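Bear in mind these aren't lab numbers, they're just calculated from the coordinates by the rules spelled out. No experiment lies behind these values; they were computed from the predicted model shown. Note: ideal-geometry Cβ built from the backbone for every residue, glycine included; neighbour counts use all protein chains shown.
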Amino acid sequence: MEASALSDSVFYGWVVLPILIFFARIFDVSMGTVRVILTSRGYRRTAPALGFIEILIWLLAIGQIMKNLANPACYVAYAGGFAAGNFVGINIHQRLSLGTVLVQAFAREDAARLVESLKAENYGVTCIDAQGAYGAVKIVFTIVSRRQTKNVVAHIKRYDPHAFYSIEDVDYVERARLTSARPLANGGRSAFARLLRKAK
């Protein structure tokens, strides 16, 4: 009787229920963002599991919306949770740092120091001569894990602050040299990342 009275109360309908819907949406949208990332990376077991949980939470949230069509607070909470879920999902993506990227640096100055600095940290590097809009340039390629991108960019900025560089996702790599002399925290990947790798 008390539970029924609580669910029918004004406080529950205008405060508790919208808060629950808001956080449910944050959870399922952020999981959806991670699921899309894992799907693109080929995690065949983890992505479907996340998809199951994601749609289950969404059904619970939309079910409450359908039961409270006359409550605008639920609409606001639903939309706000969706927006916040995208923000949380993007931050999770950045923290997971999954996948492999191709970093290309276009240097108008001598790229020898940049190449040597990358090699010194055990990055695989390819350097070729090219012709740009304003003259000869050196193009430096390296394929690294996404976690190492900041370190590579720091090298580029240190040895050629005016260099133009681009970073692209790589879907498939064979025999790539992705090691770095500088060890990463937790053995190069977090516990969650190790779990994802096992589930792949």
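Tabulated results
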item	result
Footprinting exposure proxy for 93, 162 (fewest neighbouring C-beta atoms within 10 Å first)	162, 93
Burial ordering of 172, 165, fewest other beta-carbon atoms within 10 Å first	172, 165
Anisotropy class of the stretch 122-172 from Cα gyration tensor, a/c 1.5 cut	prolate
Gain in span if fully extended, residue 56 to residue 44, counting 0.36 nm per residue against the direct Cα distance	2.4 nm
Sites matching trypsin sites (Lys or Arg not before Pro) across the stretch 100-179 that sit in DSSP coil, with at most 15 neighbouring C-beta atoms within 10 Å	108, 175, 177
